[in-house]
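The values are calculated or read from the model by the stated rules, or taken from the named source; none is laboratory data. In this text, all values refer to a predicted model and were calculated from it rather than measured experimentally. Cβ sites come from the backbone with ideal geometry, for glycine too, and all protein chains shown count toward neighbours.
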Amino acid sequence: MATYQAATAVCQAIIDLLTANTFDSGLEFDVYTTSKFKDPMGEGVSLFLYRILPNTILRTPPGRLVNGQRQRIQLPVDLHFMLTAWGKDASMQTQIMAWVMRVMADYPILPFGLLEATTTVPVFHPNEIVEISPADVSTEELLQLWENLTPNNYHLSVPYVARNIRLESELLEEVGKPVQTRTFDYTDEPAQP
C-alpha cells in the first residue's frame, strides 16, 4: 500500500536502476516532461510517463491498521511509460536501447529498497514490490505519441508498464462499536384482525 507519491518514486527507481547498471559513465538518465523533448540530452536514456490508469483487474480488500481501524479499499494503478534512447547517431541509439532492454529484462521487479532509495518520506511498505514489463502498444499509438511530443522527430523508444502499485487512502472507514446485545422494541400494538 503506497502513498500518492508512488508514481514519482517508481520513475526515479527506474532511472536509478539504469544509472547503477550503465555500460558508459558518460550517459545521462532523466525523467522527462513534454517540454524536455524540445531540448533533449546528448546521449542517454529518458523516461516519459505518459499514462496512469486504474488497474481494472487487480482488486484489493480494505486494509487494517495496527490500532484496528479499517482503511478504505486500495486503488491499484498501472504506470505506462516509454524509455527513449538518445545518441549522436543511429548506431549509438541502437546500442543504448538494446542495453536498456537487457537491463529491464534482468530486473523485472523493483524491490522496496530501490523504491525507497531516494524518497524523503516513506512511500512504500517494506513488503511491497513493483513489477515492470514491456507494454502492449501498437506502432501507430507510439508514433502518434511522438507526433504530439515533437512532430516529425521520432527517436527509438520502447514502452513499458509498471504494475502492482496499490495506492492507499488517507481516509479511514467509520466503524461502530461491536454489538453487545439485541434489543427489540415492542411498543406498537399488533394489528387487530
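Quick notes
- Those residues of region 140-168 which are hydroxyl-bearing (Ser, Thr, Tyr) and within 21 Å of residue 91 (Cα to Cα), in sequence order: 154, 157
Condition check ((1) part of a strand (DSSP E or B); (2) at pLDDT below 90; (3) more than 21 Å from residue 112 (Cα to Cα)) across all residues:
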| position | (1), (2), (3) |
| --- | --- |
| 14 | no, no, no |
| 23 | no, yes, yes |
| 67 | no, yes, yes |
| 79 | yes, no, no |
| 84 | yes, no, yes |
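- The residues of region 5-59 that are loosely packed, with under 13 Cβ neighbours inside 10 Å, more than 15 Å from residue 81 (Cα to Cα) and under 19 Å from the mean Cα position of the chain (by Cα), listed by number, are 56, 57, 59.
- Verdict on residue 42 being assigned to a loop (DSSP other than H, G, I, E, B), of a type outside the set (Val, Ile, Thr) and modelled with pLDDT of 90 or more: yes
- Residues satisfying the stated conditions in region 113-137, i.e. outside any loop (DSSP other than H, G, I, E, B), free of Cβ contacts under 8 Å to residues at least 60 places away in the same chain and within 13 Å of the chain's Cα centre (by Cα): 131, 133
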